[in-house]
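What follows draws every value from the coordinates through simple rules; no lab data is involved. On a predicted model such as this, the values are computed, not experimentally measured, just so you know. Here the Cβ positions follow ideal geometry from the backbone for every residue, glycine too, while neighbour counts run over all protein chains shown.
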Amino acid sequence: MKQILLITDGCSNVGQSPVMAASFARQEGITVNVVGIIDYGTIGEMGAQEIQEIARAGGGMSRLADTRQLSRTMQMMTRKTVVQTIQQAVNKELKQILGNHQSLESLSPAKRSEVVEVMDELTETSPLDVALLIDVSASMKPKLAAVEEAIRDLMLSLGAREGSSRIAVFHFPGSHGDEACVQDLGWTSDLESTRSLFQRLVMKGATPTGPALLKVIDFFRYGTLNGHQTDLGEKGAGEGILSDYVH
Amino acid sequence: MTTSTDLDLVPGTVIRGRWLGGSYRIHKLLGQGSNGVVYLVQQENSGRQYALKLGFDTVDLQSEINVLKTLHERGIRRSARDSASFLIEVDDAELAGRQVPFYIMRYVKGEPLSLFIFRRGADWLDLTGLNVLKQLARLHAAGFVFGDLKPDNIMAGGYGDVELIDYGGVSQMGRSVKQFTEWYDRGFWNAGSRTADAAYDWFSFSVVCIHLLCGDELKRAARSLPQMRTNQDLLKIVDNQPRLKPYAGWLKRGLTGHFEDSREACQYWERTVCRRPAARRSRKPTPGWLTGAFVVSVGLLGSALYLFFR
């Protein structure tokens, strides 16, 4: 199961539409969830609407949260998305077996109980990859400590699952103009590696949400941000990274 | 997805089961659990009172029901004095044109443990605590962990009877803990994983005890920076607070997971907390006004005797 979790506090303003990028992700089998951080009420109506649309296009969910609720919100979304992904697959199967108007809800409680048991099993054991994409434009600066803590907390919860769980962390925008997003952490299950992620960031104003999403989709595909040019990925990602980490 | 506000039902509403046809009249809201809303209801034909839980989400509620079923099959009772089953009926209701799952369970009279302790006195933690540990031990023996243990999820009544409510967080051992609440969560204190094991519940139980007796100190410790938080903070409270002294031995082992198994955890509580030397019962110092009154009355007696024998 593949998920992107986008954390932002405002509207995108550079490059392709993030809604289009999210729709693209969905076609690739990646669900996109979005958290809008609203600590100082900065998100605005435009931002809130965009967040909702990105999530809808990405087949995921969106929530507005302040930094205190962030950790809880991220875990709830990740878990719900896993359950929903499985539920969709199960409903599809049920339709094939039982006919078109069948879904989990229409089964008798006794039968439902058996199906949900299997679903719980899958929820707990299916391999899960979550890529976190963090907006670090200037207004996010005071919130990054909370974001980092929430990432650690998410890892702690995912680490308790029976199935393998990995996270990767990216931030956007990059430090120079043409860099849509930067990798902070490659696929990992190691709790310790989630510490001190964003310490040496240079904050910038632009918010290229769309291009950054597209980059992360590439990462799911090729394991690097630079598409098929395999080796360059590590070099470009200079900031606050554990570049020596090898999974 | 159903949200809590959709399930806001007025007293008098009748809920009818689609599969079994049972009907229940809503009396009042009892509370909100993680997976749904709990109402006090009256069964229409028998007049009996039950608790009814309406689910927010079909899968989540069914998952909870599955756990309750397994507990029943493995012979786990709700409390020591009560052989009632966890589950009485499972059905779906039609509400506002949508199908909403619900289940019926026994109605538990009682009050949250915090209130019970507040009214009866801190001493009562000795017995209620033991009863909570016993109930946890029963769950552990069946291969489950309670998970979301907190004062709100412990109902106390009578002379220290205890019942755990909201089984939405109950998780199979070895799997991830389904639901938890910050303060009582081992992960929150950087004191271990969120994998369900018996020690997870011992930890939560320890924090519950600290919360009940030294709430302010706990609140202060919980406010420290996330990366600085450790269970050393909790151990320090246990060491420094005189109110926790009788429990200190148990709490230190509970916070660090140092019990062989849950039976030992119960026995150790019984031995060190319930049967502690009688010396502890702190006698309140005699109030000043009483001493004064005594002196005055002796004086009066003296003068009365003096007047009498003069």
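Summary of values
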| read-out | value |
| --- | --- |
| Anchor A:Lys215: lysines whose Cα lies under 27 Å away (excluding residues fewer than 8 positions away in-chain) | A:Lys2, A:Lys80, A:Lys141, A:Lys143, A:Lys204, A:Lys235 |
| Only Lys, Arg (+1) and Asp, Glu (-1) charged, at Cβ; chain A dipole about Cα centre in debye | 400 debye |
| Per-residue [θ]222 nm for chain B (sum of -39500 (n - 2.57) over DSSP H runs n ≥ 4, rounded to 500) | -11500 deg cm²/dmol |
| Under 15 Å, Cα to Cα: Lys pairs in region B:113-260, sequence gap 8 or more or different chains | 5 |
| Local net charge near A:Ile30, Cβ-Cβ under 15 Å (Lys/Arg +1, Asp/Glu -1) | +3 |
| Nearest 10 degrees, 0 to 90: helix B:125-141 Cα axis against chain B principal axis | 30 degrees |
| Shape call, chain A: gyration tensor on alpha carbons, a/c limit 1.5 | prolate |
| Two-decimal ratio, the protein assembly as shown, of alpha-carbon radius of gyration to 2.2 N^0.38 Å | 1.16 |
| C-alpha long axis of helix A:18-27 to longest principal axis of chain A, angle in ° | 40 degrees |
| Exposed-site-free run, longest, chain A (rule: trypsin sites (Lys or Arg not before Pro); DSSP loop; at most 15 other C-beta within 10 Å) | A:1-194 |
| More than 18 Å apart - percent of Cα-Cα pairs taken over region B:20-179 | 60 percent |
| Spin-label model distance (nm) - A:Glu114 vs B:Lys69, 7 Å beyond Cα toward Cβ | 1.0 nm |
| Ratio Rg/Rh [Cα only; Rh per Kirkwood] for chain B | 1.12 |
